[in-house]
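K.L.:
Once you've had a glance at the structure underneath, I'll fire off some questions.
The values are calculated or read from the model by the stated rules, or taken from the named source; none is laboratory data. These figures come from a predicted structure and were not determined experimentally. FYI the Cβ positions are ideal-geometry reconstructions off the backbone, even for glycines, and counts take in every protein chain you see. Keep in mind that these areas ignore ligands, DNA and RNA; they rest on the heavy atoms of the full protein, side chains included. Shrake-Rupley method; radii C 1.70, N 1.55, O 1.52, S 1.80 Å.
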Amino acid sequence: MTEHVGTGQLVDWIVGLMGPETEPSPTRDYYLTLLRQGRGVPDAVRIAVDDLLEEVRSAVAREEPYNARTHRSRLALPSYVPMAPHRLPRPALVRRIVLERIGSYGQPATRNRPQGT
């Protein structure tokens with residue numbers, strides 16, 4: 001159960017990073033930059049989420065907290081990326097892509113489970 005709660009918190013945090021009401025984040029700015037480069041919305045979300053997850057995995061491996069400043073620097077993002085709220089992805093799309101990327105940890109598998117177990 002704890003893993004499921006942790007996964008839910010991670011998903012909520014990532015969805016929040018992409019929202020219009022939060023502080024600028026490297027993930028949201030990277031997504032907006034990818035859109036300006038001609039990527040489609042789902043593709044840009046996938047790339048930005050994959051990059052964030054890799055950055056978090058690296059921080060965990062180094063036993064350090066996630067550092068947005070370091071992340072922004074690694075991506076070579078400018079300090080300010082103009083935000084257009086109408087260009088941001090819908091939270092449901094971000095949530096679905098994040099769950100695809102991290103899997104549904106803590107949720108019991110229901111497919112191909114023998115009857116009666």
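K.L.:
Would you pick out the residues in segment 38-58 that are assigned to a helix (DSSP H, G or I), open to solvent by 20 Å² or more (accessible area, probe 1.4 Å) and closer than 15 Å to L93 by Cβ?
P.N.:
Across segment 38-58, the qualifying residues are V41, P42, D43, R46, I47, D50.
K.L.:
Checking G8 against (1) surrounded by 10 or more Cβ atoms within 10 Å (Cβ to Cβ); (2) of a type outside the set (A, V, I, L, M, F, W, C); (3) outside any helix (DSSP H, G or I); (4) at pLDDT below 95, which test does it fail?
P.N.:
With (1) surrounded by 10 or more Cβ atoms within 10 Å (Cβ to Cβ); (2) of a type outside the set (A, V, I, L, M, F, W, C); (3) outside any helix (DSSP H, G or I); (4) at pLDDT below 95 applied to G8, the lone miss is (3).
K.L.:
While we're on this one: Just checking, which of P91, P85 is surrounded by 11 or more Cβ atoms within 10 Å (Cβ to Cβ) and either modelled with pLDDT under 95 or under 17 Å from the mean Cα position of the chain (by Cα) (or both)?
P.N.:
P91
K.L.:
Would you mind telling me which numbered condition in (1) part of a helix (DSSP H, G or I); (2) over 21 Å from L99 (Cα atoms); (3) open to solvent by 40 Å² or more (accessible area, probe 1.4 Å) L35 fails?
P.N.:
(3)
K.L.:
Quick one: how many residues across segment 66-97 are touching an Asp or Glu at 6+ places or on another chain (Cβ under 7 Å), part of a loop (DSSP other than H, G, I, E, B) and within 17 Å of W13 (Cβ to Cβ)?
P.N.:
Count: 1.
K.L.:
Here is a follow-up. Need pairs with beta-carbon distance below 6 Å; first residue within 13 Å of P26 (Cα to Cα) and within segment 50-61, second of a type in the set (V, I, T) and part of a helix (DSSP H, G or I); sequence gap 6+ or separate chains.
P.N.:
Sorted first by the residue in segment 50-61, then by its partner, the pairs are L52/T27.
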